[in-house]
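The values are calculated or read from the model by the stated rules, or taken from the named source; none is laboratory data. Just so you know, these numbers come straight off a predicted model, no measurement behind them. Don't worry about glycine lacking a Cβ; one is built from the backbone with ideal geometry, like all the others, and counts go over all protein chains shown.
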Amino acid sequence: MSKNENLGEISQEVEKLYLEKEELLLSSEEWVSFVKSYNGFRKSAFKASLPFDPRFNAVHWGVAVSGLCREIAFGYCWMNAYARHYRSQTPATAQPANVDFHVSYFADNSITRINSCRDKIALMVWAFYCPFNPEKQPETLDYVKVLDRLKHPLRFGLSLKNHQSFVSHLETLHGQDFARMVTYRHLKIHRMEPRIEVYGVKPHHGWDYMFPLYEQNEIARWEQKIERLYPDQKFRECIVKGCHINEVIFETRRIKDSLWNYDEVKTQIRSCLAKLLQATAGCFDILRRRAPLKNKRKTKGASGMLLRK
């Protein structure tokens, strides 16, 4: 069998696994509700015929939110497919580390979009109440800042009405799973690309990194650690002396959160996606029932759209 033929067979197997996961996701309650709400929202927007009203900017953000939700789902399904295929081909003991390029790539795509989607949902709501220029960085807020303004409008000199229903949906987009997604993005920003270990993170995984210690609290913490590890004072003094380079103390340890457990990442992405879909659907339903999208005639929702379309 040639190399190209072999790659073709792997691709077909992974595609099959992807389609299986996609079918399960598309039939989930939160996805069905999301599609129904988006179709109603989009139908109301088309009937509104682009009114000269700054609140209509929320529609543009809403379309972008819908696209991000689909991209997150797309990445999640492919990540799952490649992880299942990897496990079917490679036992946990076959390699010192089990990092698959495709699994890490699609996990990365989903996680970074989860952070962007949460910000965009907040900006969709913000655009409905407060016109802003998205081309100017200081005017474009993130999820945390928008939620703070919606919850405490008087503190920011704002007069808002009927915004508590939006706040209720936005407040669901936090918690430990979202915090982990934010941590992942922080590592990306600082060019420490997290790696996904398909079979989980083991003690022998990763490499040591030399951290320079400059702050007094860091040095005090390190000294306490050294004292616990090396009770003998003379031996400890030799260890401490060897940790100095040009009068700077260096601590050798592995970078925190540089390696991620696939099973945990999968659960966190799925949890965040479900909450994003629910919050998005809720905000869509509110927006289409308010001016300028409100339609006096009752209309039947359009048919659902598949993720793969």
- Task: Would you check which residues across the stretch 138-193 are of a type in the set (A, V, I, L, M) and in a loop (DSSP other than H, G, I, E, B) and list them?
- Result: Leu141, Leu158, Leu160, Leu173, Met192
- Query: Would the stretch 242-258 turn up any residue that is in contact with a Pro (Cβ under 9 Å, 6 or more places away or on another chain) and of a type in the set (D, E, K, R)?
  - Reply: yes
- Query: Can you name the number of the only condition in (1) in a helix (DSSP H, G or I); (2) over 24 Å from Asn162 (Cβ atoms); (3) free of Cβ contacts under 8 Å to residues at least 40 places away in the same chain; (4) not charged (D, E, K, R) that Asn133 fails?
  - Reply: (1)
- Item | Qualifying positions in the stretch 210-252 - part of a strand (DSSP E or B) and out of contact with any Phe, Trp or Tyr (no Cβ under 7 Å at 6 or more places or on another chain) | His244, Ile245, Val248, Thr252
- Message: Please pick out the residue among Ala97, Ala73, Ala64 that is hydrophobic (A, V, I, L, M, F, W, C), in the same structural domain as Phe166 (by TED's automatic domain parsing) and crowded, with 19+ Cβ neighbours inside 10 Å.
- Response: Ala73
- Message: Can you pull out every residue in the stretch 81-100 that is in a helix (DSSP H, G or I) and either among the basic types (Lys, Arg) or closer than 17 Å to Lys266 by Cβ (or both)?
- Response: Ala81, Tyr82, Ala83, Arg84, His85, Tyr86, Arg87, Ser88
- Kindly indicate the residue of the stretch 100-120 that is within 13 Å of the chain's Cα centre (by Cα) and among the hydrophobic types (A, V, I, L, M, F, W, C) and also surrounded by the fewest Cβ atoms within 10 Å (Cβ to Cβ) among those meeting that condition. Phe106
- Query: Do the conditions hold for Tyr184, that is, is it in contact with a Lys or Arg (Cβ under 7 Å, 6 or more places away or on another chain) and at pLDDT below 95?
  - Reply: no
- Message: Arg87 - would you say it is surrounded by fewer than 17 Cβ atoms within 10 Å (Cβ to Cβ), in the same structural domain as Val59 (by TED's automatic domain parsing) and in contact (Cβ under 8 Å) with a residue 60 or more places away in the chain?
- Response: yes
- Query: Out of all the residues in the stretch 186-211, which are farther than 18 Å from Glu264 by Cβ and surrounded by fewer than 11 Cβ atoms within 10 Å (Cβ to Cβ)?
  - Reply: Ile189, His190, Arg191, His204, Trp207, Asp208, Met210
- Note on the structure: Among Gln176, Gln233, the single one that is at pLDDT 95 or above and polar (S, T, N, Q) is Gln176
- Item | Matching option when the condition is loosely packed, with under 12 Cβ neighbours inside 10 Å, more than 30 Å from His102 (Cβ to Cβ) and not β-branched (Val, Ile, Thr), among Ala220, Ala179 | Ala220
- Item | Among the candidates Lys151, Lys145, residue that is out of contact with any Leu (no Cβ under 6 Å at 6 or more places or on another chain), surrounded by 11 or more Cβ atoms within 10 Å (Cβ to Cβ), without any contact (Cβ under 8 Å) to a residue 24 or more places away in the chain and more than 19 Å from Cys117 (Cα to Cα) | Lys151
